Amino acid sequence: MLVGGKGTRLRPLTMSAPKPMLPVAGVPVTAHMLARARDAGIDRVVLATSYKAEVFEEYFGDGSALGLELAYVTETEPLGTGGAIRNVAGFLRCGPDDPVVIFNGDILSGLDIQALIARHTDSGAAVTLHLTEVEDPRAFGVVPTDEHGRVTEFLEKTLEPPTNLINAGCYVFRRSVIDDIPAGRPVSVERETFPGLLAAGVPIVAYPDSTYWLDLGTPAAFVRGSRDLVQGRIASSALPGPVGEALVLDGATVAADAKLCGGATIGAGAAVGGGATVDGAVLFDGAAVGCGAVVRDSVVGRDAVICDGVVLDDVVVGDGARIEAGNELRAGVRVFPGSILPSGCVRFSSDQS
């Protein structure tokens with residue numbers, strides 16, 4: 001499981017935690033992924049870490065609480081996707097022809113992992129790729145296939161892509177392929193490993209899939225993923241509560257006349273004041289939303305304070321920040337950790353009716 005990314009597109013949230021450890025629907029993204037792996041019959045996972053590597057083991061330990069055995073490998077210098085995969089080779093216990101499932105650490109997916117493994121085993125492929133359909137593939141690398149489902153090439157972003165199938169960030173490798181990746185230097189599987197295998201005539205097959213798939217790399221996607229988990233659009237056995245219009249974690253306090261809707265998450269120890277609305281937003285642990293405030297499609301960091309009457313719409317507020325009364329923030333504004341925005345500093349509408 002590749003969980004070494006810094007998550008720069010999610011700053012300022014990732015200034016205090018790596019992206020795979022940010023809480024989505026109440027638990028880290030990685031917890032949802034580990035639960036999916038366990039539910040598919042996988043019993044041992046190696047976490048390939050890098051940025052703030054220590055927080056993974058502090059949180060998950062040896063994995064026994066999850067019914068898994070976990071091992072950790074830390075990448076001291078950026079090695080790319082292929083280099084990170086090669087870096088964990090010494091921690092794998094399988095034989096050269098056995099399958100190894102590889103997950104990117106920032107994807108929410110409804111993929112049937114057992115079916116992916118079966119496709120790999122039945123086809124005799126060296127590598128099997130999970131592919132997903134997107135409406136506009138021009139922003140992605142696309143993966144054309146032949147009539148038998150074998151991959152024919154890997155194309156980087158192009159204005160006229162020949163297919164809408166893209167690399168979905170989950171693979172099955174024959175163990176020997178991992179061992180053959182050059183060690184100790186950066187390697188991209190998309191630009192080097194996979195094209196090299198194709199050039200050598202080594203079979204790579206596709207597993208196209210149209211189930212739920214979401215890259216959590218942006219604030220809007222992060223909010224959407226959390227909302228979809230809470231509302232049950234994608235299932236996760238790691239969800240710490242029933243599906244519904246809102247998820248309220250232990251120790252949170254919500255005023256009787258507050259409105260929670262749209263798949264909102266209220267973190268442990270968070271507080272929502274009287275008459276406030278939290279719609280589809282994510283409040284991290286210890287966050288506070290004042291009376292009459294409106295927080296919509298936003299992320300409010302740990303211990304941040306949103307004062308009475310504040311409006312947040314599509315906003316990210318970093319850990320420990322304070323937005324005082326009379327502010328109205330919209331349209332992708334990002335407030336960095338510890339910042340204090342005094343009363344009435346920013347508005348997107350008049351301050352008088």
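Before moving on, here are some points about what is shown:
- Evaluated against (1) buried (at least 21 other Cβ atoms within 10 Å of the Cβ); (2) under 25 Å from residue 320 (Cβ atoms), residue 34 falls short on exactly one condition, (2).
- Residues of segment 142-188 that turn out to be of a type in the set (Gly, Ala, Ser), outside any loop (DSSP other than H, G, I, E, B), on the phi < 0 side of the Ramachandran plot and surrounded by 14 or more Cβ atoms within 10 Å (Cβ to Cβ), as a count: 1
- A single entry from 291, 307, 345 fulfils the requirement of being in contact with an Asp or Glu (Cβ under 7 Å, 6 or more places away or on another chain), open to solvent by 40 Å² or more (accessible area, probe 1.4 Å) and of a type outside the set (D, E, K, R): 291.
- The residues in segment 311-325 that are surrounded by 23 or more Cβ atoms within 10 Å (Cβ to Cβ) and under 21 Å from residue 263 (Cβ atoms) can be counted, and the count is 4.
- Extreme residue, least open to solvent (accessible area, probe 1.4 Å), among residues of segment 64-78 that are under 24 Å from residue 179 (Cα atoms) and among the polar types (S, T, N, Q): 74
- Candidates 130, 120: the one that is surrounded by 15 or more Cβ atoms within 10 Å (Cβ to Cβ) and either more than 23 Å from the chain's Cα centre (by Cα) or among the aromatic types (Phe, Trp, Tyr) (or both) is 120.
- Pairs, first in a loop (DSSP other than H, G, I, E, B) in segment 113-141, second of a type in the set (Asp, Glu) and surrounded by fewer than 23 Cβ atoms within 10 Å (Cβ to Cβ), C-beta under 7 Å, six or more apart: 141/156; 141/190
- Of residues in segment 228-255 being modelled with pLDDT under 95 and within 15 Å of the chain's Cα centre (by Cα), the one nearest to residue 30 (Cα to Cα): 238
- Boolean, residue 206 is closer than 23 Å to residue 156 by Cβ and free of Cβ contacts under 8 Å to residues at least 60 places away in the same chain: no
- Selection of segment 189-203 for residues being within 26 Å of the chain's Cα centre (by Cα) and either open to solvent by 40 Å² or more (accessible area, probe 1.4 Å) or on the phi > 0 side of the Ramachandran plot (or both) yields 190, 191, 192.
- Residue count for segment 67-84 satisfying the condition of being of a type in the set (A, V, I, L, M, F, W, C) and either closer than 20 Å to residue 189 by Cα or modelled with pLDDT under 90 (or both): 3.
- Filtering 280, 274 for residues that are surrounded by fewer than 18 Cβ atoms within 10 Å (Cβ to Cβ) and not acidic (Asp, Glu) leaves a single hit, 274.
- Cβ-Cβ distances below 6 Å connect the following pairs, each with a first residue in segment 69-88 that is at positive phi, a second residue that is open to solvent by less than 40 Å² (accessible area, probe 1.4 Å), and a separation of six or more residues or different chains: 80/187; 80/188.
Rundown of residues vs (1) over 17 Å from residue 23 (Cα atoms); (2) touching a residue at least 60 places away in the same chain (Cβ under 8 Å), yes/no style:
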| position | (1), (2) |
| --- | --- |
| 196 | yes, no |
| 201 | yes, no |
| 231 | no, no |
| 234 | no, yes |
| 260 | yes, no |
| 270 | no, no |
| 275 | yes, no |
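- Qualifying position, being buried (at least 18 other Cβ atoms within 10 Å of the Cβ), in a helix (DSSP H, G or I) and touching a Gly at 6+ places or on another chain (Cβ under 6 Å), among 14, 81: 14
- One residue alone among 330, 347, 322 is more than 26 Å from residue 229 (Cα to Cα), modelled with pLDDT under 95 and basic (Lys, Arg), and that residue is 347.
- Single residue of segment 48-63 satisfying the filter (open to solvent by 80 Å² or more (accessible area, probe 1.4 Å) and farther than 17 Å from residue 91 by Cβ) that is modelled with the lowest pLDDT: 54
The values are calculated or read from the model by the stated rules, or taken from the named source; none is laboratory data. Predicted model, so just to flag it, every value in this text is computed and none were measured. Counting neighbours? That spans all protein chains shown, and the Cβs are built from the backbone with ideal geometry, glycine included. Areas reflect the complete protein model, heavy atoms only, side chains present, ligands, DNA and RNA absent. Shrake-Rupley method; radii C 1.70, N 1.55, O 1.52, S 1.80 Å.
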